[in-house]
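Here it is: the structure, laid out below.
The values are calculated or read from the model by the stated rules, or taken from the named source; none is laboratory data. If you're wondering where the values come from, they're calculated on a predicted model, not measured in any experiment. Cβ placement follows ideal geometry from the backbone for every residue including glycine, while neighbour counts extend to all protein chains displayed. Heads up: the accessible areas ignore ligands, DNA and RNA and are worked out on the full protein's heavy atoms, side chains in. Shrake-Rupley method; radii C 1.70, N 1.55, O 1.52, S 1.80 Å.
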Amino acid sequence: MGRSRRSIPEELLLLALDPTTGTTAQPQSLDLGLAGAQLVELALAGRIAPDGDRIAVVMPRPTGDPTLDSALELLRRRGSPVRAVHWIGGPRLGLRQTYLSHLERCGMVHAVETQMCGVLPTTRYQATETAISREIRSRLDSAIRTGVPPDPRTAALAALAHAVGLGKHLYPGNEGRSSRSRLRDLIRHDPMGGLVAHAVMDVQNGAAAQPRRAPAAGVPAQPRGSMARAAVH
């Protein structure tokens, strides 16, 4: 993909792609998840950090990723920390398509032009680098199966996958129930991932207008103004 490490938004989108239909699972909540995944990626790059239930820019220097840098600049222009639910719940028109187009340019997916109901033109996407998709899925499976705390990137990816409702897509049916439960439990292993995952779920539940009364599970309470800077990866 032009670099050794894929971003969390890219990995979340690859997880959501249905290999049979070429569509993305949970498209509406996935858009929220991609916005949240951008926050996690920026935190891992040391550009932002949590400030209670808000997000603060701690280093405005660009990352070199145009899509992430656009989000970083919008955060910087706010001038003060913004609540995660307000950021994630804001308009994100075209974000999913932006990442799909990027994955297509990188050769990770290819677009298939087709028609819906035999009339309406539509585009579906098929993964071309299936080994990479299997590797992403294998990391989640390993974290679920072994119970060993995953690395921050995998923990955040698991938290977002649960938040957008990919559990039933990845681990369907009654036989996948325990795996879905363990996927949810992985949310506690990464504070930033947990913060944005809970914000994604709050937006879906219509709770964005109300401040969170208690810290999210696995997210230590932090007084306003005492920002814990994210580790640089």
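Which length gain, in nm to one decimal place, applies between residue 135 and residue 92 when the Cα-Cα distance is subtracted from 0.36 nm times their residue separation? Mind showing how you got there, number by number?
On the way: separation 43, 0.36 × 43 = 15.48 nm, distance 2.83 nm.
Full extension of this stretch gives 12.7 nm more.
Okay, next question. In whole percent, and with a 1.4 Å probe on the protein chains, what portion of the accessible area of the stretch 29-127 is carbon and sulfur? Walk me through the numbers before you get to the answer.
Values: 2470 of 4490 Å².
Percent of accessible area from carbon and sulfur atoms in the stretch 29-127: 55.
Also, quick follow-up: At 37 °C and 0.692 mPa s, what whole-number value in µm²/s does Stokes-Einstein give for the translational diffusion of the stretch 79-207, with Rh from the Kirkwood sum over Cα pairs?
On the way: Rh = 16.7 Å.
For the chosen part, D equals 196 µm²/s.
Consider just the alpha-carbon atoms of the stretch 18-65 and return their Rg together with their Dmax, both in angstrom.
Every Cα atom of the stretch 18-65 included, Rg and Dmax give 14.4, 42 Å.
With r as the distance between the Cβ atoms of residue 73 and residue 151 and R0 = 35 Å, compute the FRET efficiency 1/(1 + (r/R0)^6) and round to 0.05. Spell out each step's value before the answer.
Values: r = 28 Å, r/R0 = 0.80.
Efficiency, from the Cβ-Cβ distance: 0.80.
Rounded to the nearest 0.05, what FRET efficiency do residue 58 and residue 175 give with R0 = 41 Å and r taken as the Cβ-Cβ distance? Could you check?
Values: r = 44 Å, r/R0 = 1.07.
Given R0 = 41 Å and the Cβ-Cβ separation, E is 0.40.
Once the Cα atoms of the stretch 1-150 are picked out, what are the Rg and Dmax in Å?
Calculated on Cα positions, Rg and Dmax stand at 16.8, 51 Å.
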